[in-house]
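The values are calculated or read from the model by the stated rules, or taken from the named source; none is laboratory data. As the structure is a prediction and not an experimental result, all values here were calculated from the model. So basically every Cβ, Gly included, is an ideal-geometry build from the backbone, and we count neighbours across all protein chains shown.
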Amino acid sequence: MKTKLIFLAFYLLLSIVNVQAQCTPTITSPRLGALFADKVVFCNTETEVLSTTQTYGTYQWYKQQWDWQSPNPNPWVAIAGATSQTLTINGGNDMLYYFKVMVTDGDCQAESPAILADGYAYGLPFMMANFTPGTYEQIAPGEYNICEGATVQLDDGFPQLYGVHTWFKCLPATNPPLPTDPCIIAGATGDSYNATTSGVYGFYACTEYCPDQCEMLADFAFIKLNFGSWGFCSNLGTGEIKPKENTLAVYPNPTTQFLYIGKESDKTYNNVSIIDMSGKLILQKTSHQYKEPIDVSSFVPGTYMIVSKTLDGKVYKNKFIKK
């Protein structure tokens, strides 16, 4: 009899553990976690299906309007008719709302952690020009004379944000550009382009996450390059002109708190910008000394781009990881 009672108690304990294990609802969806762990990020007004990863007896979905304050003063509201395992939301009506689901199954009742439906925010494109020292001369804002045989590397300032690019050698007639526009540089679809001939250069690019959201570089941000045998080019040797290296030491990498950049020969960096992978400017410093630490302890763990500009106009781009 004692053995039977022990077995019965053990069976009941397993049953309780099993019920508790079933009462932990978790929301999932195709876009959840694509950019941020607890967010569904919409591109436009498309729909998204939320569901629980487990099956329960009953469901009730709730929504709460986002607010900048913490705790959120807005109430959780039961969504009429939302009593199934799935809930369809859309970017037109449900953006900037939190969602959760209350479930019951037998004697258990629980609610899921909340997730946020957000919109895709991103930085507008900008272009960076990397010149070989001694091969260029600025003659006006956005216009440069370049020595024949040199190369100017043109980069999208947000290479992780934008996907397919269309590069131009003159100002296109329309925005978005027509496929037949004569200004389009055939085959140039990456986030960098090496210019070797005269032209007015810029690009049109579509975001990686939302391929139908595209942006044209502003007209004033296009750069005019005039290649030729200018007087200042006479001091150059006759050998091949090699483009300068546009990276520099960033250490320690990865880092948890402090980051150091640069080398002693540069001494001071006129401008240092740190940008996250969504294109958001996280930190900007001026007159930064190479021995001075940059405190990144408050940054969210992830990958960042650091753009550094020296006093003589050199621009360096590096990635680093914040743990």
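Observations, loosely collected:
- The single condition among (1) closer than 21 Å to Phe126 by Cα; (2) out of contact with any Leu (no Cβ under 7 Å at 6 or more places or on another chain); (3) modelled with pLDDT under 95; (4) part of a loop (DSSP other than H, G, I, E, B) that Pro177 does not satisfy is (3).
- Any chance Thr88 is within 33 Å of the chain's Cα centre (by Cα), outside the structural domain of Thr207 (by TED's automatic domain parsing) and in a strand (DSSP E or B): yes
- Only a single item in (1) part of a strand (DSSP E or B); (2) among the hydrophobic types (A, V, I, L, M, F, W, C); (3) free of Cβ contacts under 8 Å to residues at least 40 places away in the same chain; (4) within 24 Å of Ile275 (Cβ to Cβ) is not met by Ala188, and it is number (1).
- Of all residues in the range 95-120, those being touching a strand residue (DSSP E or B) at 6+ places or on another chain (Cβ under 9 Å), in a loop (DSSP other than H, G, I, E, B) and either touching a residue at least 40 places away in the same chain (Cβ under 8 Å) or closer than 21 Å to Thr24 by Cα (or both) number 5.
- Residue under evaluation Glu240, criteria (1) modelled with pLDDT of 85 or more; (2) assigned to a loop (DSSP other than H, G, I, E, B); (3) under 30 Å from Trp167 (Cα atoms), criterion not met: (1)
- Selection status of Ala82, assigned to a strand (DSSP E or B) and either small (Gly, Ala, Ser) or out of contact with any strand residue (DSSP E or B) (no Cβ under 7 Å at 6 or more places or on another chain) (or both): no
- Across the range 60-75, the qualifying residues are those that are aromatic (Phe, Trp, Tyr) and in a loop (DSSP other than H, G, I, E, B), and the one among them that is modelled with the lowest pLDDT is Trp68.
- Which numbered condition Gln213 fails, given (1) modelled with pLDDT of 95 or more; (2) more than 20 Å from Ala150 (Cα to Cα): (1)
- Any chance Thr135 is over 26 Å from the mean Cα position of the chain (by Cα) and assigned by TED's automatic domain parsing to the domain that holds Thr196: yes
- Residue satisfying all of: in the range 139-150; under 32 Å from the mean Cα position of the chain (by Cα) and surrounded by fewer than 17 Cβ atoms within 10 Å (Cβ to Cβ); modelled with the highest pLDDT among these: Glu143
- Out of Asp155, Asp94, Asp105, sole residue that is among the charged types (D, E, K, R) and in the same structural domain as Phe203 (by TED's automatic domain parsing): Asp155
- Some residue of the range 86-103 being of a type in the set (Val, Ile, Thr), crowded, with 17+ Cβ neighbours inside 10 Å, within 30 Å of Glu215 (Cβ to Cβ) and at pLDDT 95 or above: yes
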